[in-house]
Amino acid sequence: MLLHAIDKWPGATSVYLWPYAIRHAVNIRNSTPFKNRDLSPVELFTNSNTQPNLRHVHTFDCPVYVLDPLLQATKPINTWLPCSQLGLYL
């Protein structure tokens, strides 16, 4: 996951994000059920039948664009200035 993110967004991603990549991989592994069973490792560990909500699983290191605060002000801004900054969703 980390190598793919570095390949796609080299200016925003670095190898220093490896703990986040490992944590994300562990969360996905614990939330997905096994092939031969209908239970996930979290359900087996807690001995419950509540399934993890897979809609909360997002892609690792997704690029996000954060708007400049000057756009929210009533002052006029220069058209040629960048309106956003590139960030990462972890």
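The values are calculated or read from the model by the stated rules, or taken from the named source; none is laboratory data. Only a predicted model underlies this, so the values are computations on that prediction, with no experimental measurement involved. Cβ placement follows ideal geometry from the backbone for every residue including glycine, while neighbour counts extend to all protein chains displayed.
For a quick check of your reading of the model, give me the residue pairs whose first member lies in region 50-64 and is under 30 Å from Gly11 (Cβ atoms) and of a type outside the set (A, V, I, L, M, F, W, C), whose second is outside any loop (DSSP other than H, G, I, E, B) and at pLDDT below 75, with beta-carbon atoms closer than 7 Å and at least 6 apart or on different chains.
His58/Tyr89; Pro63/Leu86
Within region 19-54, restricting attention to residues that are in a loop (DSSP other than H, G, I, E, B) and in contact with a Ser or Thr (Cβ under 8 Å, 6 or more places away or on another chain), which residue is surrounded by the most Cβ atoms within 10 Å (Cβ to Cβ)? Let's see the steps before the verdict.
Of all residues in region 19-54, those in a loop (DSSP other than H, G, I, E, B) come to 32-40, 47-53.
Then drop every residue that is not in contact with a Ser or Thr (Cβ under 8 Å, 6 or more places away or on another chain), which leaves 32-34, 40, 51-52.
Details: Thr32: 14, Pro33: 16, Phe34: 10, Ser40: 19, Gln51: 13, Pro52: 17.
Here the answer is Ser40.
Step by step: first the residues of region 6-18, then only those that are assigned to a helix (DSSP H, G or I) and in contact with a strand residue (DSSP E or B) (Cβ under 9 Å, 6 or more places away or on another chain), then the one that is surrounded by the fewest Cβ atoms within 10 Å (Cβ to Cβ). Which residue is that?
Lys8
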